[in-house]
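The values are calculated or read from the model by the stated rules, or taken from the named source; none is laboratory data. Computed from a predicted structure; not experimentally measured. Glycine gets a Cβ as well: all are built from the backbone with ideal geometry, and neighbour counts include every protein chain shown.
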Amino acid sequence: MRVFIALVVIVYLVGVGVVLAPTISTRWTTSTASDLSASVWAELPRALAWPVTAYRRMMGEPEPVKTNG
């Protein structure tokens, strides 16, 4: 059971890294460290919710509209 839980946690963290990778790669050399950390911080909620996004894509449901308010 411990191995299964460890595997689930590893897959989840790899997924978070995959979602954050485009943000990090675009800001790594062109921005300051504070800008990089701010952009990662802004993308973190979406990255942590990657299982929900993957499920919605598999089921063919539309993505929710982002609001800035």
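Give the residue, chosen from Leu20, Leu7, that is surrounded by 12 or more Cβ atoms within 10 Å (Cβ to Cβ) and either modelled with pLDDT under 95 or part of a helix (DSSP H, G or I) (or both).
Values: Leu7 fails: surrounded by 12 or more Cβ atoms within 10 Å (Cβ to Cβ).
Only one candidate passes the filter, namely Leu20.
What number of residues within segment 26-53 satisfy the criterion of being out of contact with any Leu (no Cβ under 8 Å at 6 or more places or on another chain), surrounded by 10 or more Cβ atoms within 10 Å (Cβ to Cβ) and farther than 17 Å from Lys66 by Cα? The number of residues fulfilling the criteria is 7.
Selection of first residues in segment 1-26 that are within 14 Å of Trp41 (Cα to Cα) and of second residues that are part of a helix (DSSP H, G or I) and of a type in the set (Phe, Trp, Tyr), restricted to Cβ pairs under 7 Å at least 6 apart or on distinct chains, gives the following pairs, ordered by first then second residue: Val16/Trp50; Val19/Trp50.
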